[in-house]
Amino acid sequence: MGKFLLRRMLWLIPVILVVSTITFVLMHAAPGGPWDRDLSARQVDPVTQKMLNEYYGLDKPLWRQFTAYLIGDTNSKGKFICGLICGNLGPSYRQRGLTIQQILFMPPEEKSIIYSRFGYSMRLGVYSLLFAILIGIPAGVLSALKQNTMTDYISLFIVTIGISVPNFVMAIFLIIIFASTLHMVNIVPRSWDEVSVWVLPAVILGFGTMARTARLTRASMLETMRQDYIRTARSKGLAERVVIVRHMIKNSLIPVVTMLGPALAGLVTGSFIIETMFGFPGMGRAYVTAIGQRDYSMIMGTTLIYAVLVALANVSVDMIYVFLDPRIRLE
Amino acid sequence: MTTQVSHPSTGQTQAHIANLTMMTVKPRSLWQDAWSRLIKNKASVIGMVVIVIFTLLAIFASVIAPHNPLQINSGKGFTPPMWIPVGPNGVPADPNFIFGTDTLGRDVLSRTLYGARVSMTVGFLPTFIIIFVGTIVGLFAGYRGGRIDNLLMRITDVVYAFPDLLFFIIVMVTLRQTPIGQMMNGLFLLFSALAVVNWVGFARIVRGQVLSLKEKEFVEAARCIGATDSRIMFRHLLPNSLGPVIILTAMSIPGMIITEAVLGYLGLGLIPSTNPKDFFITSWGASMLEGQTAINAQPWLLLLPAIAVSLVVLAFTFLGDGLRDALDPRLQGTQ
């Protein structure tokens with residue numbers, strides 16, 4: 001087990017290397033530099049540009065910039081600055097004096113980390129995952145138990161819509177219904193401290209995952225229901241409730257549980273459009289803003305964090321599987 | 001297979017014999033069989049109809065659209081759609097603009113019709129390239145094995161490690177200002193990025209099919225009668241592995257359409273054109289981005305493009321599900 005875990009963790013290293021190489025190459029293949037402004041705005045003059053380049057080490061050859069990003073390099077004052085291997089994602093080119101990790105992980109003063117950008121995105125992800133589980137699993141169980149009835153068809157219809165329609169389109173529909181027409185919620189709330197303002201973004205973000213959970217639960221339930229041990233349980237006279245809860249649901253949730261890790265990663269990394277729509281102070285909106293400002297180091301850093309989150313989630317699947325299902329052995 | 005030998009209601013021997021001869025004369029191939037299963041599935045028939053309608057709308061957008069999508073009607077900005085008599089800023093509804101107008105007074109319906117061009121092209125054009133490249137690579141990797149196979153699997157690992165959408169975003173952000181990024185109003189770059197990521201899935205699925213098929217007796221038989229490698233690959237293995245490829249095609253098209261809409265919505269998809277001679281004027285994603293700021297007061301700007309995206313994506317999903325059930329009946333109802 002330990003050996004397997006270690007091997008899967010080591011697999012993260014090439015993933016990070018590949019992702020950072022691709023982003024780095026693309027960033028530098030792009031025409032224009034980080035100091036370019038819109039043509040309409042006042043341009044940064046050449047002397048300042050040269051100073052900025054020296055300050056950020058952008059005057060060095062490309063391979064040195066890359067190793068500086070990954071491992072580290074001495075700066076102009078001769079002090080060694082550690083790179084990615086120490087968790088340093090480098091300075092932001094647009095937000096003066098802040099590093100990427102500070103922008104993403106540093107909370108406003110005297111608050112805990114859950115008030116940082118990452119914390120906000122994480123919380124939104126967790127809330128929408130909760131919504132997905134609390135609605136998706138019962139819906140899946142119910143539609144399997146009542147297969148080919150009206151309940152099943154209605155649930156399947158909603159599930160198909162939830163799986164196919166992308167979440168930002170869903171967001172447009174729900175915002176038009178609940179905010180523009182019924183005036184039940186504010187789209188961009190003044191503060192995110194109240195619970196009620198989290199409901200709409202969390203529901204929209206979690207809708208697709210809810211649908212996938214429901215579909216997987218239903219399929220898994222239908223398979224479990226046909227197993228011999230269910231017939232055995234019934235024939236030895238167990239109450240129907242016990243058969244359903246202890247035998248069916250418990251056994252059919254294994255694939256569902258393994259899905260949750262990647263689902264959370266998907267929710268945290270896939271929220272940038274929803275965050276932008278609602279003016280949410282999270283990592284996704286910072287990412288979209290960085291795209292607009294062409295803040296290369298910020299785009300690169302956030303992409304790396306997203307990639308690591310997704311990779312970690314995939315590793316977690318294998319491990320949860322082993323804990324839940326003793327039949328599965330890792331080679 | 002169902003064989004109807006007799007009709008109990010008629011019970012006539014003649015009809016019986018006619019039936020039997022019919023059956024011996026017309027054996028049904030795998031594809032006919034799949035087709036008859038597919039058209040029995042109501043959801044996929046509706047899906048196909050919707051896809052055909054949207055394809056026609058896209059091709060004939062310039063004929064169907066009631067207005068020029070670029071025509072700015074001053075004083076008609078934010079005209080509400082027909083079902084809202086007077087808009088929030090006091091502009092009354094106008095029967096000329098059934099679905100209302102945007103900030104510049106451009107017709108929402110016409111712009112949405114033109115948007116179909118982008119989405120349908122994104123759905124179909126890159127797909128052909130992806131299938132072609134993916135199938136050939138998968139065929140060779142599965143059949144020859146060895147180094148090419150190893151290389152394919154390593155590439156697959158890398159592609160799966162990189163979150164798709166992030167890759168598209170980065171490519172579009174960085175290369176948008178280059179000449180490649182400007183070709184076809186930015187669509188060429190988008191197609192290339194989609195192709196770079198998506199061919200891998202096809203290569204893998206064909207490889208998997210070939211790996212199991214090449215051990216089958218009919219391949220051995222073909223080899224015994226002296227068929228060449230290329231004949232075995234293209235005449236025997238390829239047709240037999242097409243089923244999963246068709247299913248994957250229908251399943252991956254909605255993903256590509258959504259990707260284009262998301263990128264358009266982030267301002268990274270199609271570069272909206274102001275030249276009336278261009279084939280691609282605006283996309284649904286770009287329309288939704290333009291309407292985004294007005295979502296509270298003038299939601300009709302987003303409504304039509306949002307409905308259009310949902311319809312097309314649902315149509316492809318239904319068709320994909322139907323194809324899966326038709327081509328691989330063992331999978332029926334498992335998903």
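Key figures
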item	result
Candidate set: the stretch B:225-275, residues that are among the charged types (D, E, K, R) and surrounded by fewer than 19 Cβ atoms within 10 Å (Cβ to Cβ); chosen: the one nearest to residue B:188 (Cα to Cα)	B:235
In the stretch B:201-249, the residues that are under 23 Å from the mean Cα position of the chain (by Cα) and in a loop (DSSP other than H, G, I, E, B)	B:241
Counted residues, the stretch B:291-323 - those being modelled with pLDDT under 85 and either outside any helix (DSSP H, G or I) or not hydrophobic (A, V, I, L, M, F, W, C) (or both)	9
Some residue of the stretch A:199-211 being at the interface with another protein chain (Cβ under 10 Å from one of its Cβ atoms) and in contact with a Gly (Cβ under 7 Å, 6 or more places away or on another chain)	no
Failed item, numbered, when residue A:96 is tested on (1) free of Cβ contacts under 8 Å to residues at least 12 places away in the same chain; (2) surrounded by fewer than 17 Cβ atoms within 10 Å (Cβ to Cβ); (3) within 30 Å of residue B:321 (Cβ to Cβ)	(3)
The stretch B:120-155, subset in a helix (DSSP H, G or I) and of a type in the set (Gly, Ala, Ser), residue surrounded by the fewest Cβ atoms within 10 Å (Cβ to Cβ)	B:146
Enumeration of residues in the stretch A:256-272 that are within 14 Å of residue A:306 (Cβ to Cβ) and not polar (S, T, N, Q)	A:262, A:264, A:265, A:266, A:267, A:268, A:270, A:272
Counted residues, the stretch A:297-322 - those being within 11 Å of residue A:15 (Cβ to Cβ) and aromatic (Phe, Trp, Tyr)	0
Evaluation of residue B:266 against (1) in contact (Cβ under 8 Å) with a residue 12 or more places away in the chain; (2) away from chain A (no Cβ under 14 Å) (one fails), failing number	(2)
Candidate set: the stretch A:99-117, residues that are over 13 Å from residue A:297 (Cβ atoms) and among the hydroxyl-bearing types (Ser, Thr, Tyr); chosen: the one surrounded by the fewest Cβ atoms within 10 Å (Cβ to Cβ)	A:112
Residue A:221 crowded, with 18+ Cβ neighbours inside 10 Å, closer than 14 Å to residue A:251 by Cβ and touching a residue at least 40 places away in the same chain (Cβ under 8 Å)	yes
Residue that is within 16 Å of residue A:303 (Cβ to Cβ) and within 9 Å of chain A (Cβ to nearest Cβ), where the choices are B:158, B:197	B:158
Residue match in the stretch A:266-280 (condition: more than 14 Å from residue A:124 (Cβ to Cβ) and over 15 Å from the mean Cα position of the chain (by Cα))	no
Of all residues making up the stretch A:140-151, the number that are under 11 Å from residue A:221 (Cβ atoms) and part of a helix (DSSP H, G or I)	6
Number of the exception - residue B:11 against (1) over 30 Å from residue B:321 (Cα atoms); (2) at pLDDT 70 or above	(2)
Neighbours by Cβ (under 9 Å, 6+ apart or cross-chain): first from the stretch A:177-189, farther than 17 Å from residue A:276 by Cα; second in a helix (DSSP H, G or I)	A:178/A:200; A:184/A:177; A:184/A:178; A:184/A:200
Unique residue being closer than 27 Å to residue B:267 by Cα, free of Cβ contacts under 8 Å to residues at least 24 places away in the same chain and assigned to a helix (DSSP H, G or I) when the list is A:276, A:209, A:232	A:276
Every residue from the stretch A:263-316 that is aromatic (Phe, Trp, Tyr) and within 10 Å of another protein chain (Cβ to nearest Cβ)	A:272, A:287, A:296, A:306
Some residue of the stretch A:306-327 being under 20 Å from residue A:89 (Cβ atoms) and among the hydroxyl-bearing types (Ser, Thr, Tyr)	yes
Of the criteria (1) surrounded by fewer than 17 Cβ atoms within 10 Å (Cβ to Cβ); (2) under 23 Å from residue B:165 (Cα atoms), which one residue A:172 fails	(1)
Pick from the stretch B:170-194, criterion in a helix (DSSP H, G or I) and among the hydroxyl-bearing types (Ser, Thr, Tyr), ranking: nearest to the other protein chains (Cβ to nearest Cβ)	B:174
Tally, over the stretch A:183-200, of residues that are assigned to a loop (DSSP other than H, G, I, E, B) and either within 26 Å of residue B:298 (Cβ to Cβ) or of a type in the set (A, V, I, L, M, F, W, C) (or both)	10
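The values are calculated or read from the model by the stated rules, or taken from the named source; none is laboratory data. These numbers come from a predicted model, not from an experiment. No Cβ is skipped: glycine too gets one built from the backbone with ideal geometry, and neighbour counts run over all protein chains shown.
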